[in-house]
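Just below is one structure, and these are the notes that go with it.
Throughout, read-outs are computed from the coordinates displayed, never taken from laboratory work. All figures in this text were calculated on a predicted structure; none of them were measured in a lab. Please note: Cβ atoms are built from the backbone with ideal geometry, for glycine as well, and neighbour counts cover all protein chains shown.
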Amino acid sequence: MKQGALVPDRLILDLLRDRLNPSLATGSLLDGFPRNLSQALDLEQDLQHQGTKVDIVISLEVPEDVLVRRLTSRRVCGRCQRVYNLLTKPSSAGERCESCGGELVQRPDDQEVTIRRRLAVYREDTEPLKAYYHRQNILRMVPGEGAPDEVAERIELALEIPSTG
């Protein structure tokens, strides 16, 4: 992880297995996992052994140009690591952190070329999960543009499971 590499699939699944408890009445929410079909199949197998399954998958749909604009606008305080966004949450102190006065910097992974590379990897590795979960009728595609409270409301609506009776 310190070198920027992804954690191996098996390690993530082992960690999840320790955390996911089928007796939890409220369930669990996974963010950013699975990232590929292999992880999805392994997760499904692990959940079957626990007598449970994935009920709903949310895909936040945001146009690529919007994602690039959002991510390239992120800034981090070089001193205290507080996160800002030039578009949605700018510092009241301009190019300095309003908490500690440190300089705001752009992380290397927030530069456009890096972001576009990550989006290409997403399209290749993660995008196929949509078809997989669509075939299971558990995929809910939610527009991810707009104010955070608007997007949160759309997610809450998508999480409502229709009654079967």
Suppose we take every Cα in the range 35-165 and form the convex hull; what volume per residue is that in Å³? 156
Report the gain in length on full extension from residue 35 to residue 109: 0.36 nm times residue separation, minus Cα-Cα distance, nm rounded to one decimal. 24.8 nm
If r is the Cβ-Cβ distance from residue 130 to residue 152 and R0 is 22 Å, what FRET efficiency results, to the nearest 0.05? 0.55
